[in-house]
Every structure is written in C-alpha cells, then in structure tokens.
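Note sheet for the following structure.
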Amino acid sequence: MKKKGYRVKKLIGIVLLSASLLASTVSFKGEEVTLNSKGLEVGMDAPVFPAVDKEFKEVIVGGKNDKIQIIAFVPSFDTDVCKLETLAFNDKVSKMENVIVKAVSKDLPFAIGRFCHDNKITNVITVSDYKDENSALRYGATISAPVFLEGFFGRVVYVVDTNGKIAYKEVVSEITNEPNYEKILDVVKRLNKK
C-alpha cells in the first residue's frame, strides 16, 4: 500500500511540474495567477475562433484578414482597467488605417452592448467568448488558478498580420495594469509599411 501511495504522489508531482512548465504566471493585485499555457509565439499562425458580438452575431477572431488584427483578451469590460484599455484602443485605432481591434472577454453580449453604448465604443469590435471557452485556450489567455478567477481571461494582447501570423505578443504581468500601447502600435505601423 505504501508503494502505491508513493507512486500516486509522484505522479501528481510530475503532472503539477509539467503544468507549471507549460503555463504562464502573472499576478492580480500582487497575488499569483496561472494562465492555462504559455500561449502562441511570434511567427506562429493565429488560430481562428468564433466569438459573439453585442448583437449575438458571430465574429471570427484570428486567422487571415484584410486588416491587421489587434486581439486583446480582457477579464471583463465592467472593470476599470478593461474600460481604460478599450477606450485607449478605441481612440488610438480611430487615427490608424488597415487595423482592427477585437477585444475578447467572457462578458455576455448584453453587458458588452451596454458598455459600448455607455462609452461610445465605435472603433473596437467587442466580443464574448462565453459560448466556447476552449477556442481561446490556444492563445494561453485563460486563467486556470486561483479558483475565484478560473475561466476568466488574463490581460493578453496579440498583433496578427494580414496573413494570419502573430507579429507581437504581450502577456501583461499584472492584470490590473494596461498593456504597452506604444509597442503594440509600433508593430502595427511597421506592418502597415510592408
């Protein structure tokens, strides 16, 4: 019996070690948060997945597009930082050509509609991944621990070129901080020059 218990503990230890090597660690108000994986890397294909907009219409995220995509995973539009991020992208993208921002959260379309109306969001496509959370797992943006945040997104931003290749990735190390807009927009400007 002791050998069996030892083997089980050893197996659990190996599984936990493997998971920690495959996952990203960030923080939320200083507390450790684990994302489901390290996500995608620059040069990889951006997987296509469907999400739902505020009118419950399907929006395709990722893949090839006639515009450069900024894909911004956010925890919830009902938080101050997500609001600031969406407003910043809404303003900055209005001054740019050949770029589209798709902000992805777990919020229901009803909440997204209210948020967009109240904040006059017209230059960001805000979508919900409430239907098929497995789609976004490939991007490494889904929180897997602690339990009270499990299933929400961390703050992760990808820039995807028109061929569907990832040109930039940022995993914000503290979820309550905004992403580095300057770096993101520099990548978009560089891609636009090609």
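The values are calculated or read from the model by the stated rules, or taken from the named source; none is laboratory data. Since this is a predicted model, take the numbers as computed values, not measurements. FYI the Cβ positions are ideal-geometry reconstructions off the backbone, even for glycines, and counts take in every protein chain you see.
Exactly one of these conditions fails for G151: (1) within 21 Å of V42 (Cβ to Cβ); (2) exposed (fewer than 15 other Cβ atoms within 10 Å of the Cβ). Give me its number.
(1)
I'm checking my understanding of the structure. Among residues of segment 77-101 that are farther than 26 Å from E174 by Cβ and among the polar types (S, T, N, Q), which one is modelled with the highest pLDDT?
N98
Considering only segment 118-129, how many residues are loosely packed, with under 15 Cβ neighbours inside 10 Å and in contact (Cβ under 8 Å) with a residue 40 or more places away in the chain?
Total meeting the criteria: 0.
Being more than 19 Å from E58 (Cα to Cα) and at pLDDT 95 or above is the requirement here; does T162 meet it?
Numbers: more than 19 Å from E58 (Cα to Cα): yes; at pLDDT 95 or above: yes.
In short, yes.
Quick check on my filter: what residues within segment 39-55 are farther than 12 Å from G164 by Cα and in contact (Cβ under 8 Å) with a residue 60 or more places away in the chain?
Scanning segment 39-55 gives G39, L40, E41, F49, P50, A51, V52, D53, K54.
Just to be sure before I move on: is T122 at pLDDT 95 or above, of a type in the set (S, T, Y) and within 27 Å of E55 (Cβ to Cβ) in the structure I sent?
No; evaluated as a whole, the condition is false for this residue.
Have a look at F77, F115 and point out the one that is aromatic (F, W, Y) and touching a residue at least 40 places away in the same chain (Cβ under 8 Å).
Unique residue meeting the criteria: F77.
Filter segment 138-148 for residues that are surrounded by fewer than 18 Cβ atoms within 10 Å (Cβ to Cβ) and either of a type in the set (A, V, I, L, M, F, W, C) or modelled with pLDDT of 95 or more (or both) and give the result.
Selection gives A145, V147, F148.
Checking the condition crowded, with 19+ Cβ neighbours inside 10 Å, out of contact with any helix residue (DSSP H, G or I) (no Cβ under 6 Å at 6 or more places or on another chain), within 25 Å of E174 (Cα to Cα) and not acidic (D, E), which residue from V104, V74 passes?
Answer to the check: V104.
Looking at this structure, is L137 under 16 Å from the mean Cα position of the chain (by Cα) and closer than 21 Å to G164 by Cβ?
yes
Looking only at segment 1-58, count every residue that is small (G, A, S), in contact with a helix residue (DSSP H, G or I) (Cβ under 8 Å, 6 or more places away or on another chain) and modelled with pLDDT under 90 and tell me the total.
Within segment 1-58, residues that are small (G, A, S), in contact with a helix residue (DSSP H, G or I) (Cβ under 8 Å, 6 or more places away or on another chain) and modelled with pLDDT under 90 number 1.
Is it the case that some residue within segment 60-79 is hydroxyl-bearing (S, T, Y) and out of contact with any Gly (no Cβ under 9 Å at 6 or more places or on another chain)?
Looking for residues that are hydroxyl-bearing (S, T, Y) and out of contact with any Gly (no Cβ under 9 Å at 6 or more places or on another chain), one finds at least one in segment 60-79, hence yes.
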